[in-house]
Amino acid sequence: SSGINAEWPLRPGVFCVGLVSLSRSEVLVLGGQGLSGSATVEALLSHGYPVVALNDGKNYFDYESHIAHRIHNVGCRRRAIPLKDCFELQQFLKGDNKISAVVDFTSSTGELMEDALDALSGLNPDVYIFVSAGAIYDVVLESDQPLKESDSVRPSGSKRSFYASNNEFGDKMLSSEETLIARGVPYVILRAADLVGPRDTTHRWWQYQLWAEHFTTIGQGFPIPNELSAVPFSLSTGDDVAQAVVKVLQRKKINSVYNIAMEKTFTLPNLLLELCTHLKKEKSTDCDSALIPLL
């Protein structure tokens with residue numbers, strides 16, 4: 001099972017301050033088309049929240065046929081232009097719209113977070129939910145204990161740049177978190193583990209599944225780099241993130257940070273073996289023979 005308020009990999013520990021009363025006015029989702037974004041839009045709709053989604057015009061999987069016609073879509077390629085220059089968004093913001101919450105899947109750098117907060121400053125939402133990543137823990141001090149939400153403090157001095165170089169993505173996501181907190185906006189930060197799900201736009205999970213189903217046919221096992229063979233990690237699904245967003249709106253706690261992770265941790269060989277065994281459970285295929293260590 002997966003959970004909100006998860007440790008890294010799991011241990012209770014969350015810091016929360018404040019309560020707000022969230023109405024059922026519209027929720028603005030920045031990036032509602034991807035794996036977690038589309039799942040979140042569906043979850044919000046199923047709980048009665050009207051949704052406005054800022055999207056870049058790409059239609060992943062069944063988004064256009066299954067989701068787009070049920071929400072208010074606002075087109076903007078935000079990585080190409082600042083949000084303040086996005087015509088459709090600015091036209092929407094000029095209307096008499098009450099936005100109770102913002103859910104942000106797109107501000108993956110401090111600069112993008114600044115851009116979003118500046119462009120949306122007139123909305124005054126009850127809560128700004130930022131979907132971050134567990135990768136931020138790669139740029140804070142190492143710990144032998146499972147990491148809690150409050151462990152996301154950067155080291156000082158020369159160690160800061162050293163740890164930042166461990167994971168460029170994690171460094172940028174933590175910068176986004178820091179920017180959001182510094183601006184004084186009522187926030188909730190959700191840190192998801194590695195994401196998997198049926199709308200995986202990286203195609204990583206699809207590749208794993210196709211390999212597990214057909215490796216005997218193609219005659220090729222799955223190569224496991226030695227440096228990754230024993231590294232533990234956790235997973236989150238798009239639905240986990242979606243459920244967490246809904247719980248945030250229902251629980252009405254602000255200025256909080258939550259990890260989202262499965263109770264179980266994996267190594268890459270463990271994960272692939274479990275996947276293979278599950279898919280081949282009615283066959284006699286020897287899944288162990290399908291993994292090829294790369295020394």
Checklist (1) within 30 Å of residue 124 (Cβ to Cβ); (2) basic (Lys, Arg); (3) at pLDDT below 85; (4) open to solvent by less than 40 Å² (accessible area, probe 1.4 Å) applied to residue 191, failing item: (3)
Pairs, first charged (D, E, K, R) in the range 55-75, second crowded, with 18+ Cβ neighbours inside 10 Å and in a strand (DSSP E or B), C-beta under 9 Å, six or more apart: 70/51
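Okay, residues lined up against (1) in a helix (DSSP H, G or I); (2) open to solvent by 80 Å² or more (accessible area, probe 1.4 Å):
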site	(1), (2)
242	yes, no
245	yes, no
250	yes, yes
258	no, no
264	no, yes
270	yes, no
273	yes, no
278	yes, yes
288	yes, yes
Qualifying helices (runs of 4 or more DSSP H) (wholly inside the range 37-144; at least 3 residues being closer than 27 Å to residue 199 by Cα): 63-66, 110-119
Subset of the range 74-113 (residues that are hydroxyl-bearing (Ser, Thr, Tyr) and under 16 Å from residue 188 (Cα atoms)): 100, 106, 107, 108
Yes/no for residue 155 being in contact (Cβ under 8 Å) with a residue 24 or more places away in the chain, surrounded by fewer than 20 Cβ atoms within 10 Å (Cβ to Cβ), part of a loop (DSSP other than H, G, I, E, B) and in contact with a Phe, Trp or Tyr (Cβ under 9 Å, 6 or more places away or on another chain): no
Residue within the range 122-132 that is farther than 21 Å from residue 256 by Cβ, open to solvent by 50 Å² or more (accessible area, probe 1.4 Å) and modelled with pLDDT of 90 or more present: no
Selected residue (only one of 62, 104 is touching a strand residue (DSSP E or B) at 6+ places or on another chain (Cβ under 7 Å) and under 16 Å from residue 42 (Cα atoms)): 104
From the options 238, 197, 221, residue that is in contact with a Lys or Arg (Cβ under 8 Å, 6 or more places away or on another chain) and surrounded by 14 or more Cβ atoms within 10 Å (Cβ to Cβ): 238
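The values are calculated or read from the model by the stated rules, or taken from the named source; none is laboratory data. Note that the structure is predicted; figures quoted are calculated from it, not measured. Counting neighbours? That spans all protein chains shown, and the Cβs are built from the backbone with ideal geometry, glycine included. Side chains are part of the model used for accessible areas, which takes the heavy atoms of the whole protein and leaves out ligands, DNA and RNA. Shrake-Rupley method; radii C 1.70, N 1.55, O 1.52, S 1.80 Å.
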